[in-house]
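I have placed the structure first, in the form of structure tokens, so that the comments after it can refer back to it.
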Amino acid sequence: MRVLVAGAPGAGKGTQAALLAYELDVPHIASGDLVRESIASGTPAGVAVRDAAARGDLVPDDVIVDILRPTLLAAASRGGYVLDGFPRTLKQAEAMDELLGTSGLSIELVVHLHVPEATLTQRLVARGREDDGAAVIDHRLAVYRSQTVPMLDWFARFQKLVLIDGTGTVDAVSAAIIRDMQEWLLRRRLAS
Ligand code: AP5
Ligand code: MG
């Protein structure tokens, strides 16, 4: 299965993508983790994206695609993945299709975790990652609204998105994802 877990900062992408990848027995690919690894390792890509990540801006589309490419191609060739945080713009979704399109290994389903902004902010402030200061959180939320929501609308238009209430406990959200994914798979089978 090839899934993207999407949602605003703090929606639980990392938490839920890890559980889902375990359940589906496929790799969990977290774009934010790869960005932080490249910054920590001091590679040229890492140096180029450090300031954008610290401000809460997206790193440029071509750079994030370069960072993700090897991991993504390796996972896709083995048959599946749970992506967490990539793609998050329409341009990135197109670039990913170009990368994988001819092999038929592009995203089958987007799991969109929805959580109200007040709850997101509470979660992130409590976590306290380097980019979890109040002003940077506000900026990350604004970037999500302007750049990622249009991409989610696009997937929804092709019936490739399930919307999940991300406000319950971790276990409740995880169970809702599995249940709604199974329903979606059944609908897809009946339609084909
Ligand atoms: P990234 O690391 O992906 O950050 P983000 O999208 O802001 O999301 P977070 O990782 O903060 O939250 P999450 O949704 O994973 O939630 P989590 O499970 O951790 O990206 C960081 C930066 O990298 C970006 O700003 C950008 O600069 C760059 N970048 C990454 N991808 C990019 C791309 N594609 N293009 C361009 N730039 C990119 O949960 C959050 C907290 O809530 C945790 O403490 C968790 O324990 C808690 N929690 C989780 N679930 C629950 C629950 N159900 N109830 C209560 N608490 C919960
Ligand atoms: Mg995350």
query = Taking K and R as +1 and D and E as -1, what net charge do the other residues with C-beta under 14 Å from the C-beta of D132 add up to?
reply = +3
Alpha carbon centroid spacing (whole Å) that separates the range 128-166 from the range 71-121 = 13 Å
task = Starting from the Cα of R187, step 7 Å toward the Cβ, then list every residue of the range 65-106 with an amide N under 16 Å from that point.
result = none
message = Taking just the alpha-carbon atoms of the range 112-180, what radius of gyration and Dmax come out, in angstrom?
response = 13.7, 37
task = Take the Cα of D138, step 7 Å along the line toward its Cβ, and report every residue of the range 95-121 whose backbone nitrogen sits under 16 Å from that point.
result = 117-121
ask   = Which of the trypsin sites (Lys or Arg not before Pro) found in the range 84-182 are in a DSSP loop and have at most 15 neighbouring Cβ atoms, other than their own, within 10 Å?
value = R129
task = Translational diffusion coefficient, Stokes-Einstein: compute it for the range 47-176 using the Kirkwood radius over C-alpha pairs as Rh, at 37 °C and 0.692 mPa s, and state it as an integer in µm² s⁻¹.
result = 202 µm²/s
message = With just the Cα atoms defining each centre, how far is the range 168-192 from the range 7-59? Give it in Å.
response = 24 Å
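Values quoted throughout were computed directly from the atomic coordinates according to the rules given, and no laboratory measurement underlies them. Please read these numbers as outputs of a predicted model, since none were measured by experiment. Neighbour counts are summed over all protein chains in view; Cβ atoms, including those assigned to glycine, are modelled from backbone coordinates with ideal geometry.
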